[in-house]
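Each reported figure results from applying straightforward, stated rules to the coordinates on display, with no laboratory input. Everything quoted here is computed from the prediction, not taken from an experiment. Note that we place each Cβ from the backbone using ideal geometry, even for glycine, and neighbour counts take in every protein chain shown.
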Amino acid sequence: MTTLTTGRFAFLAAACLLLALPAAAFAAAAPAQGTISYLEGNVTVDAAPASIGDAVPFGATVRTAQGSFCEITFRQRNVIRLEELTSFVFNPGNLQVGSVLQRGSLSLVLKNLVKTGQGDKSFYVRTATATAGVRGTSFFMKVEDPSTTYVCLCNGALRLDDGTQVTGMDLEAAHHLSYRVINRGGTPSLEKAPMLYHTDDSMQALAGKIGYAIDWTTVDR
């Protein structure tokens with residue numbers, strides 16, 4: 001058999017194998033990009049006007065205008081709500097850099113995170129002053145000003161630090177545990193804070209979007 005014939009045979013065999021694979025195999029191998037599952041007002045994805053059903057690729061920047069908000073669903077059972085005047089880099093596929101909250105605030109309910117070989121922190125959200133490493137949980141995050149990030153662990157577990165891992169702590173809570181991560185003049189600190197900006201009802205409403213009911217008596221892991 002000639003080299004050319006052999007090459008054609010190999011190509012046809014590979015094509016037949018791909019056709020025989022179930023659709024689920026392709027879905028498992030493909031990157032699980034996000035989807036704008038709901039929005040109101042003016043929302044953009046990489047500066048282009050967004051609509052419900054639009055894809056949100058990994059690394060895309062999503063922005064909400066005044067009086068606007070949107071929800072991003074990915075891997076079916078994870079949902080993120082961006083409040084008004086928020087700028088967010090959606091990047092759950094990069095476990096080193098993570099997603100970035102540049103300004104504004106967001107709520108998250110994460111029930112289907114990808115497991116890694118580097119521990120159980122499989123989702124990161126960063127700001128200029130804080131990093132939250134999440135293990136499947138519900139939490140709220142707001143950039144209050146360039147030097148201060150407010151984080152509430154609503155239900156679950158996370159690692160919270162100042163972005164350098166010099167100052168940080170592992171947190172668990174069944175019902176709202178809030179901190180401010182502050183870095184003024186190069187001196188970072190974590191300070192206990194009251195529950196602000198969100199409620200039980202707002203978090204449960206978001207969880208309901210993915211068919212989940214938060215149990216406020218148990219730490220969600």
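Using a 10 Å cut-off around each Cβ, can you sort Met195, Met203 from fewest to most neighbouring Cβ atoms? Kindly include the intermediate steps, with their values, before the conclusion.
Details: Met195 14, Met203 23.
Taking fewest neighbouring Cβ atoms as first place, the list is Met195, Met203.
Calculate the FRET efficiency for Ser147 and Asn112 from the Cβ-Cβ distance with a Förster distance of 45 Å, rounded to the nearest 0.05. Walk me through the numbers before you get to the answer.
Values: r = 34 Å, r/R0 = 0.75.
With a Förster radius of 45 Å, E is 0.85.
For a footprinting-style exposure proxy, rank Glu83, Glu191 by other Cβ within 10 Å, fewest first.
Values: Glu83 18, Glu191 10.
Fewest to most other Cβ atoms nearby, the residues stand as Glu191, Glu83.
In what order do Phe139, Phe58 fall by count of nearby beta-carbon atoms within 10 Å, going from fewest to most?
Details: Phe139 28, Phe58 16.
Lowest to highest Cβ neighbour count: Phe58, Phe139.
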